[in-house]
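Participant: I have a structure I would like to understand better, so I am pasting it below and will then ask my questions one at a time.
Nothing in this text is a laboratory measurement; each read-out follows from the coordinates by a stated rule. Owing to the predicted nature of the structure, the values given are computational and were not obtained by experimental measurement. Cβ sites come from the backbone with ideal geometry, for glycine too, and all protein chains shown count toward neighbours.
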Amino acid sequence: MNSIPAVAAGRPPWPFRRLFPLLATVVLIIVGMAGTIWGPRFYGKSAWALPDDLWGTMIAAQRLAHLNLGGLYTPPTQLVSLPGAAIILIPVVVLIDAAGLRLGLPDAHAAHPGTWLLAGPYEVAISAVVLFAADAIAERLGVTRPRRFLLAAASATALWSVTIRWGHPEDAVATGLLLYAILALSEARTSRAAWLAGAAVAVQPLVLLAFPVLVTVVGPRRLPGFLTRAAAPGVLLLAVAAAANWTATIHAVTSQPNSPRIDHPTPWIYLAPHLADGQVAAGPARILALLAACGCGLLAWHSWRVGEMAPSAPSAPSAPRATGVAGATGWSPERLQELLWWTAVALALRSVFEPVMVAYYLWPPLALALIPASRDWTRLLGTGTAAVVLTFFSQIHWHNPWSWWTPMIAVLVLTLLLARPSRVGLGRVSRGQPSREQPSRGGGPRFGASAQVLPEPGEQFIADRAP
């Protein structure tokens, strides 16, 4: 009797398996909307507390919906990301137009815009892709449901800063796509991973910092195809926008202007090129962060090489050996969680080198660091607490280049250290050791090198490479 139908029949339905991110999304929408509408009354204001940056991107999305490609990077859009950031908002913009609502920047004459009642829940809903991706990876890592509940709660709390507070769903969508790309790599789906990573870049190029880590686990023969597919979506969208308005597109994408008078200047402000209207160019500093991410990739590669060369427990005679890269037998859970941690470190480099910071810049490494930490209660509680503290502590309005940036980076480093996987077996492929990790769709081990994967109750699996 074939065991694959038994696996499918015994697999819980999707809403049950993703119950925690579903609940976290609903709670974030309800609490977030209530906080923006009724929260200001507690400190004597009548206007809704709306995210400042969402509206310009929505105007860019409206221009795309009306095929006004030349206006994508012209005021008042203030768009500096790739066009994917506006594309993901087109559905809600079309809905706003159909409802006959006017889309504009909130001001004293529009303190309670009806567009927020549609845009708010929508941006949280699409941003929740990162919650579902994190839960999917945690499930593959064999994380228990109580820890997955805490993971979803901590992740949703940190997500508040990106969505409800600042209105940047593109950061969350890109990070979620990156997580699904990592999951696809761990399952030897290199082509799928490349397209997902490319879509992430097209939405928010900050995920480029993760590429030096990702390429270390892609086989040399697959690397050209991986990079070509990953580059295609962003290059295509940018070429279309540049053809429509070359000057505005290139200026916005390359200079990455930011205002130190509005946001938090860092010590790097003294070295950043200054632009008109008191703004500075963040582009050169982000190139420096990308170079540092290449060094992070080398460290990750070295860590895995050392782990693979280290002696391990003797394997059973019939135990298959997992490949060092995303291969036929997949990855061990230890390898996946280490890749996540190194990717979180790479994404954190943006905050280290940024000349002008905004609180939500700190979020992407927090989202990734929580996942490997979820395999252990102590690390999850410590990392979750640090992530929540950093999320709310970063909202304070300090503009001295040292007084805000220094404690934020210190807490971010502490969060990454708390999330760091144990060095025992790190980077090493398990050989012949039984595991209780979740199975793959085909019934065999998803990550691994173990000779036998023990099934969960009510499920039936086959050994790796079994006939």
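Participant: Please say if the stretch 172-230 is rounded, prolate or oblate, where rounded means a/c under 1.5 for a ≥ b ≥ c the square roots of the C-alpha gyration tensor eigenvalues, and otherwise the choice is prolate for a/b larger than b/c and oblate otherwise?
Facilitator: Judged from the Cα gyration tensor, the stretch 172-230 comes out prolate (a/c at least 1.5, a/b above b/c).
Participant: Summing +1 for each Lys or Arg and -1 for each Asp or Glu, what net charge is found among the other residues whose Cβ lies under 12 Å from the Cβ of T25?
Facilitator: Computed value for this residue: -1.
Participant: Rounded, prolate or oblate, given the Cα gyration tensor of the stretch 208-288, with a/c below 1.5 counting as rounded?
Facilitator: Oblate.
Participant: Using a basic spin-label model with each label point 7 Å from the Cα along Cα→Cβ, how many nm lie between L414 and L103?
Facilitator: 4.2
Participant: Let me ask you something else. With a 10 Å radius around each residue's Cβ, average the other Cβ atoms per peptide and rank 254-262, 80-88, highest first.
Facilitator: 80-88, 254-262
Participant: Let me ask something else. Set the Förster radius R0 to 45 Å, insert the Cβ-Cβ distance between H274 and Y43 as r into 1/(1 + (r/R0)^6), and round the FRET efficiency to 0.05.
Facilitator: 0.80
Participant: Which order do the peptides 165-174, 183-192 take when ranked by the mean count of other beta-carbon atoms within 10 Å per residue, highest first?
Facilitator: Highest-to-lowest ranking by the protection proxy: 165-174, 183-192.
Participant: Could I ask something else about it? Using the Kirkwood formula on the Cα atoms of the stretch 68-165, what hydrodynamic radius do you get, in angstrom to one decimal?
Facilitator: One over the average 1/r among Cα pairs gives 16.0 Å for the stretch 68-165.
Participant: Something else about it: For the pair V352 and R221, how long in nm is the line joining their label points, each one 7 Å along Cα→Cβ?
Facilitator: Distance between the two pseudo-spin positions: 3.5 nm.
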